[in-house]
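Notes follow the structure.
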């Protein structure tokens, strides 16, 4: 699995996805944008060193490493999916318009062309018409647009419950079984 963390608020979603997917024994290739590191530090106190200490099994790839093997369709086709969480509106715009300025943009483009599931957890509100048009473009190209919008029918009791709902929806989109939240009318 490839997990990309960009500079939108909501770094906790990417972090929690990493926790859950590592616990499920997924091989994780992680790319964090320079803005993503700023948000991880600001919102969660996480640095590259702390992340690697907590997840030593993770393959952390620099965003400028455009020649990395995950930038190739013949390699990415072996992956279960690509997740961008959180996905900034800048990253969405780059992907929607085929502009590759870093490895995150390239991996998303390759996922679309190779039909590797791409889930983009957008975290912005309200949406401008430009945002909506970019979402429409990537959805037409095959991406799954998953706004970080937790549900409340499962009666969340904590911030963790709200985060786990969104993370669970990402896993649902990739058809990965989990028990992070109670489903509709589940006892």
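The values are calculated or read from the model by the stated rules, or taken from the named source; none is laboratory data. No experiment lies behind these values; they were computed from the predicted model shown. Here the Cβ positions follow ideal geometry from the backbone for every residue, glycine too, while neighbour counts run over all protein chains shown.
Residue 123 passes every criterion in (1) touching a helix residue (DSSP H, G or I) at 6+ places or on another chain (Cβ under 9 Å); (2) farther than 22 Å from residue 150 by Cβ apart from (2). The set of residues in segment 117-145 that are in a loop (DSSP other than H, G, I, E, B) and in contact with a strand residue (DSSP E or B) (Cβ under 6 Å, 6 or more places away or on another chain) comprises 123, 143. Out of segment 33-63, which residues are more than 17 Å from the chain's Cα centre (by Cα) and either under 24 Å from residue 127 (Cβ atoms) or exposed (fewer than 13 other Cβ atoms within 10 Å of the Cβ) (or both)? Within segment 33-63, 42, 45, 47, 49, 53, 56, 57 meet the criteria. Picking from residues in segment 147-174 that are touching a strand residue (DSSP E or B) at 6+ places or on another chain (Cβ under 6 Å) and touching a residue at least 40 places away in the same chain (Cβ under 8 Å), the one that is surrounded by the fewest Cβ atoms within 10 Å (Cβ to Cβ) is 173.
Just give me the residues in segment 139-156 being at pLDDT 95 or above and more than 20 Å from residue 14 (Cα to Cα), in sequence order. Once the filter is applied, which keeps residues that are at pLDDT 95 or above and more than 20 Å from residue 14 (Cα to Cα), segment 139-156 yields 139, 140, 141, 142.
Output yes when any residue across segment 65-77 is assigned to a loop (DSSP other than H, G, I, E, B), touching a residue at least 24 places away in the same chain (Cβ under 8 Å), under 18 Å from the mean Cα position of the chain (by Cα) and surrounded by 14 or more Cβ atoms within 10 Å (Cβ to Cβ), and no when none is. No, every residue in segment 65-77 fails to be assigned to a loop (DSSP other than H, G, I, E, B), touching a residue at least 24 places away in the same chain (Cβ under 8 Å), under 18 Å from the mean Cα position of the chain (by Cα) and surrounded by 14 or more Cβ atoms within 10 Å (Cβ to Cβ).
Hey, could you check segment 121-131 for residues that are at pLDDT 95 or above and surrounded by 11 or more Cβ atoms within 10 Å (Cβ to Cβ) and say which is farthest from residue 171 (Cα to Cα)? Going through the qualifying residues, I end up with 130.
Only one of the numbered conditions (1) buried (at least 20 other Cβ atoms within 10 Å of the Cβ); (2) in contact (Cβ under 8 Å) with a residue 40 or more places away in the chain; (3) closer than 23 Å to residue 106 by Cβ is not met by residue 30, and that is (2).
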